[in-house]
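Peer 1: Below you'll find the structure I mean.
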Amino acid sequence: VGSLLPNLSATDKVAVEVANSVLSSRLGLNLREKQGLAYSVASAVRWDKEFGWFYAYMGTSPQNFDVAREGILNEIKKLQTESVSEAELEKAKNDLRGSLLMSRLSSVNQAFYMSVNEYLGLGYQWDQGFLSNLAKVTAEKIRLAFQNWMDAEHYVLATAGKR
């Protein structure tokens, strides 16, 4: 399932990234580990120059399709109304911080991400702003990100395989 995202401010984009990290974690825990519905499951956010997109995906068996789809949508709905715990918030922020820093270890990767950020119009020093904005994300900002931009009612559904 997925949907388009508007071209948001840098601060709002970071809130959406943290919200997505929380969702992806919950999908793995609740749908894969606890319910055994998924071979793989995750969600992601991607940005282009003028817009972004959010999507969640799952590899599951055909007989679990309806339950799996509803499971993803229910996790999104929960995050629109429930507050995220401080522990969950800090884990998501630390995951994003660590991922960004690890991906920039080599000078080749640093150059790659600088050029991508320039292409996107973010500026080659975007990483520093991301880390600064990351520290300011709150549980309330995550809830608002889900309410405003990650819609469990209006989405595109794509499937592959037999049903």
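The values are calculated or read from the model by the stated rules, or taken from the named source; none is laboratory data. No experiment lies behind these values; they were computed from the predicted model shown. Cβ sites come from the backbone with ideal geometry, for glycine too, and all protein chains shown count toward neighbours. SASA here: full protein model, heavy atoms, side chains in, ligands and nucleic acids out. Shrake-Rupley method; radii C 1.70, N 1.55, O 1.52, S 1.80 Å.
Peer 1: Looking at the range 95-113, which of the residues that are touching an Asp or Glu at 6+ places or on another chain (Cβ under 9 Å) and open to solvent by less than 60 Å² (accessible area, probe 1.4 Å) is farthest from Trp47 (Cα to Cα)?
Peer 2: Arg104
Peer 1: Just one of Gly98, Gly161 is modelled with pLDDT under 95 and of a type outside the set (Val, Ile, Thr); which is it? Even if it seems obvious, please write down each step before you answer.
Peer 2: Numbers: Gly98 fails: modelled with pLDDT under 95.
That would be Gly161, the only listed residue that is modelled with pLDDT under 95 and of a type outside the set (Val, Ile, Thr).
Peer 1: Report yes if Val45 is closer than 16 Å to Ser21 by Cα and β-branched (Val, Ile, Thr), otherwise no.
Peer 2: So Val45 fits the description; yes.
Peer 1: Here's something else I'd like to know. Scan the range 58-78 and tell me whether some residue there is within 13 Å of the chain's Cα centre (by Cα) and either free of Cβ contacts under 8 Å to residues at least 40 places away in the same chain or open to solvent by 30 Å² or more (accessible area, probe 1.4 Å) (or both).
Peer 2: no
Peer 1: If I ask for residues that are open to solvent by less than 30 Å² (accessible area, probe 1.4 Å), under 13 Å from the mean Cα position of the chain (by Cα) and not hydroxyl-bearing (Ser, Thr, Tyr), which ones from the range 1-12 would you list?
Peer 2: Val1, Gly2, Leu5 - these are the residues of the range 1-12 that are open to solvent by less than 30 Å² (accessible area, probe 1.4 Å), under 13 Å from the mean Cα position of the chain (by Cα) and not hydroxyl-bearing (Ser, Thr, Tyr).
Peer 1: Given (1) of a type in the set (A, V, I, L, M, F, W, C); (2) under 24 Å from Leu27 (Cα atoms); (3) touching a Phe, Trp or Tyr at 6+ places or on another chain (Cβ under 9 Å), where does Ala87 come up short, assuming only one miss?
Peer 2: Tallying (1) of a type in the set (A, V, I, L, M, F, W, C); (2) under 24 Å from Leu27 (Cα atoms); (3) touching a Phe, Trp or Tyr at 6+ places or on another chain (Cβ under 9 Å), Ala87 fails exactly one: (3).
Peer 1: May I pose another question? So if I check each of Val84, Val156, Val116, which one is in contact (Cβ under 8 Å) with a residue 12 or more places away in the chain and surrounded by 12 or more Cβ atoms within 10 Å (Cβ to Cβ)?
Peer 2: That would be Val84, the only listed residue that is in contact (Cβ under 8 Å) with a residue 12 or more places away in the chain and surrounded by 12 or more Cβ atoms within 10 Å (Cβ to Cβ).
Peer 1: Something else now. Taking the criterion of being part of a loop (DSSP other than H, G, I, E, B), open to solvent by 50 Å² or more (accessible area, probe 1.4 Å) and at negative phi, would at least one residue in the range 16-29 satisfy it? Working first, answer last.
Peer 2: Of the residues in the range 16-29, the ones part of a loop (DSSP other than H, G, I, E, B) are none.
Within the range 16-29 (the criterion being part of a loop (DSSP other than H, G, I, E, B), open to solvent by 50 Å² or more (accessible area, probe 1.4 Å) and at negative phi), the answer is no, since none of the residues qualifies.
Peer 1: Starting from residues that are in contact (Cβ under 8 Å) with a residue 60 or more places away in the chain and surrounded by fewer than 18 Cβ atoms within 10 Å (Cβ to Cβ), keep the ones in the range 127-147 and report whichever is nearest to Ser83 (Cα to Cα).
Peer 2: Among residues in the range 127-147 that are in contact (Cβ under 8 Å) with a residue 60 or more places away in the chain and surrounded by fewer than 18 Cβ atoms within 10 Å (Cβ to Cβ), the one nearest to Ser83 (Cα to Cα) is Leu144.
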